[in-house]
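Presented below is the structure to which this report refers.
The values are calculated or read from the model by the stated rules, or taken from the named source; none is laboratory data. Computed from a predicted structure; not experimentally measured. Glycine also receives a Cβ, built like all others from the backbone with ideal geometry; neighbour counts cover every protein chain displayed. These accessible areas exclude ligands, DNA and RNA; they are computed on the full protein's heavy atoms, side chains included. Shrake-Rupley method; radii C 1.70, N 1.55, O 1.52, S 1.80 Å.
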Amino acid sequence: MSLAEKAGAGAVSARRPIPPFTAEHEEFRAAVRRFVETELFSHSQEWEAARWFPNEVFGRLAELGYIGLKFPPEYGGDGDLVADAVFVEELSRCGSGGLAAGIGAHQGIALPPINRFGTESQKQRYLVPGIRGELVAALAITEPDAGSDVASIRTTANKVDGGYVVNGEKTFITGGVRADILVTAVKTTQEGGHRGLSFLIVERGAGVESRALEKLGWHASDTATISFDDVFVPAENLLGDENAGFYLIMANFQWERLLMALGAVGAMQAAFERTLKYALERKAFGKEIGHHQVIRHKLAEIAVTIEAGRDVTYSALRRYLAGEDAVREVTIAKLATQRASFDVMDTCLQIHGGNGYMAEYWVERAARDARLGPIGGGTDEIMKEVLGRSLGL
């Protein structure tokens, strides 16, 4: 199905194209935005309260062709990374960071390593049904004692006849309760540091236990601690080369961090538009609050922040798509957007006054959800370290 077909008849571009996006991508953007606002945003408060969103969401996304946007056509996708960037940016309008994260954990973080490093058999068994929304995947790297320091991973996979036996624990795994498969980082040797890291595709079954975690935000996502107790994994579920898992982690990080930057840009834009509307409706001291200089200046500052974040993010995206080594640019994009997004949401909440602090308004949820940005996918502190080293420091 082409982008035009996905956009639907009469789709009208919401803005002029900014490279790498084309006019067709902007028409597609309008269609995605319509879907997000009518079929996802309308349920956001309900799913947040339930601490869950239904698996049928994945089926609906697959029906529209959204899960497979960046994956090769031979597996049911479109092979269009730019269209996927559109989807990620617009998904942030769904009104629930947990919903966006739950979808992104499957489509944007867990399936890509299978596509990039998997065997043909693995792609047929896991990628194809994942694109169809029939199977949900999660990426399991972080451990209680190994977050940004992935070289400290302790979950072991000992070789036995026909495969491996896995023991250990993962935590902060988005989608870890519902996931049918876990793309899991394990130690396959006793060597220290990043040597001896491998990846296994672990199917849900005996010995795999998940426990949901309570969080400040992202309430609709099923973030979990997962334990592996003598879990047998067949040898054919080794993803990529044995003891080469550190490369897989580093390769996946760049796209994950770009997704976070795109999502932050989209979330800030949505918050700005909704807050601007509120400021032109809410009256105080005889006129709409948006016409008071103090509020007008706050909104002007938000507009500058969004434009700066968009510019560095789109620049990093262009370099990534061109096949360049874009580590520095991607790092800058993540750094420039995550804390900024939290600050923007906090300002939007302030403009809403007492209403902003109430659960019935979207903005209190947006402020809580945005706080994870400077932590997830590599903390701000780690990003500064990566950037500093890239500068020769």
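Normalised by 2.2 N^0.38 Å, where N is the number of residues, the alpha-carbon radius of gyration of the range 271-349 equals 1.41. Peptides 147-154, 297-304, 108-115 ordered by packing proxy, namely the average of other Cβ atoms within 10 Å per residue, highest first: 108-115, 147-154, 297-304. Within the chain, DSSP assigns beta bridges of which about 85% are antiparallel (rounded to the nearest 5).
Distances between placed amide hydrogens fall under 5 Å for E143 paired with T171, all partners being 5 or more residues away or on another chain.
With a Cα-only, solvent-free Debye model of the range 89-209, what are the log10 I(q)/I(0) values at q = 0.11, 0.12, 0.15, 0.22 Å⁻¹? The Cα Debye sum returns log10 ratios of -0.39, -0.46, -0.72, -1.36.
An ellipsoid equivalent to the range 204-274, defined through the eigenvalues of its Cα gyration tensor, has semi-axes of 33, 21, 8 Å when rounded to whole angstrom and sorted largest first.
The residues of the chain expose on average 43 square angstrom of accessible surface per residue, using a 1.4 Å probe on protein heavy atoms.
The three principal axes of the C-alpha atoms in the range 210-366 carry coordinate ranges of 72, 40, 16 Å, sorted with the longest axis first. Would you mind checking K298/K334; K283/K384; K123/K384; K298/K384; K215/K287 for any pair whose Cα atoms are more than 31 angstrom apart? Over 31 Å apart, Cα to Cα: K283/K384; K123/K384; K215/K287. Any idea what the dipole of the chain comes to, in debye rounded to 20, about its Cα centre with Lys/Arg Cβ at +1 and Asp/Glu Cβ at -1? Dipole size: approximately 1060 debye. Built from the Cα atoms of the chain, the convex hull projects on average onto 19.7 nm², one quarter of its surface area. Sorting 197-209, 94-106 by average packing, meaning the other beta carbons within 10 Å per residue, from highest down gives 94-106, 197-209. Share of carbon and sulfur in the accessible area of the range 101-222 stands at 48%, probe radius 1.4 Å. Here the range 164-276 is treated with +1 on each Lys and Arg Cβ and -1 on each Asp and Glu Cβ, and its dipole about the Cα centre works out to around 420 debye.
Dividing the Cα radius of gyration of the range 324-383 by 2.2 N^0.38 Å, with N the residue count, gives 1.34. If the segment from E169 to L393 were pulled out straight at 0.36 nm per residue, it would be longer than the present Cα-Cα gap by 77.1 nm. Values of log10 I(q)/I(0) for the range 25-133 across q = 0.13, 0.21 Å⁻¹ run -0.46, -1.11, by the Debye formula with one identical scatterer at each alpha carbon and no solvent.
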